[in-house]
Amino acid sequence: QVQLVESGGGLVQAGDSLRLSCAASGRTFSTYAMGWFRQAPGKEREFVAAIKWSGGSTYTANSVKGRFTISRDSAKNTVYLQMNSLKPEDTAVYYCAADFDYYGGSSREYDYWGQGTQVTVSS
């Protein structure tokens with residue numbers, strides 16, 4: 001089992017930056033990959049970015065590429081999502097996910113999820 005706790009969300013203005021954190025605990029040594037997803041009201045959960053725990057390879061959705069960057073600190077068992085040039089359409093609840101054998105953009109493949117953190121971008 002892996003427990004995930006997100007933090008760092010908040011209310012910002014368009015053009016601002018935020019850094020989300022996701023702290024993992026439990027069976028973290030078995031984690032293969034972690035990802036960030038988001039869900040806006042009335043919309044399906046959307047892939048944002050993923051990172052392989054070993055090696056640090058990353059995969060970012062086209063919708064945020066160039067603005068959002070995923071990274072990890074292995075010593076702290078924490079993954080980050082640096083969000084720059086935020087837009088109102090980035091407003092959503094952001095979720096952290098982890099899996100023991102999947103790396104990619106399908107939310108159905110991730111077994112472990114955090115509770116989410118709200119990001120609101122005002123125009």
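Some notes on this structure:
- Looking only at residues in the stretch 44-72 that are out of contact with any strand residue (DSSP E or B) (no Cβ under 8 Å at 6 or more places or on another chain) and not small (Gly, Ala, Ser), the one that is surrounded by the most Cβ atoms within 10 Å (Cβ to Cβ) is Lys65.
- In the condition set (1) more than 25 Å from Thr28 (Cβ to Cβ); (2) free of Cβ contacts under 8 Å to residues at least 24 places away in the same chain; (3) under 12 Å from the mean Cα position of the chain (by Cα), Ala92 is compliant with all but (2).
- All positions within the stretch 110-119 that are open to solvent by 10 Å² or more (accessible area, probe 1.4 Å) and assigned to a strand (DSSP E or B): Tyr112, Trp113, Thr117, Gln118
- Filter result for Leu20 (more than 15 Å from Leu86 (Cα to Cα), in a strand (DSSP E or B), of a type outside the set (Val, Ile, Thr) and within 15 Å of the chain's Cα centre (by Cα)): no
- Residue check for Gly116: out of contact with any helix residue (DSSP H, G or I) (no Cβ under 8 Å at 6 or more places or on another chain) and free of Cβ contacts under 8 Å to residues at least 40 places away in the same chain: no
For every residue, the table says whether it meets (1) of a type outside the set (Phe, Trp, Tyr); (2) part of a loop (DSSP other than H, G, I, E, B).
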{"position": "Gly42", "(1), (2)": "yes, yes"}
{"position": "Phe47", "(1), (2)": "no, no"}
{"position": "Ala50", "(1), (2)": "yes, no"}
{"position": "Ser54", "(1), (2)": "yes, yes"}
{"position": "Tyr103", "(1), (2)": "no, yes"}
{"position": "Arg108", "(1), (2)": "yes, no"}
{"position": "Val121", "(1), (2)": "yes, no"}
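- The set of residues in the stretch 56-72 being in a strand (DSSP E or B) and either hydroxyl-bearing (Ser, Thr, Tyr) or touching a helix residue (DSSP H, G or I) at 6+ places or on another chain (Cβ under 8 Å) (or both) consists of Thr58, Tyr59, Thr60, Thr69, Ser71.
- Residue count, the stretch 20-43 (criterion: in contact with a Lys or Arg (Cβ under 8 Å, 6 or more places away or on another chain), crowded, with 17+ Cβ neighbours inside 10 Å and over 25 Å from Pro88 (Cβ atoms)): 3
- Of all residues making up the stretch 73-94, the number that are touching a strand residue (DSSP E or B) at 6+ places or on another chain (Cβ under 6 Å) and either among the acidic types (Asp, Glu) or assigned to a strand (DSSP E or B) (or both): 10
The values are calculated or read from the model by the stated rules, or taken from the named source; none is laboratory data. Just so it is clear, the structure is predicted and the values come from calculations on it, not from any experiment. Cβ atoms come from the backbone with ideal geometry, glycine included; neighbour counts cover every protein chain shown. Note: accessible area is taken over every heavy atom of the protein model, side chains too, but ligands, DNA and RNA are not part of it. Shrake-Rupley method; radii C 1.70, N 1.55, O 1.52, S 1.80 Å.
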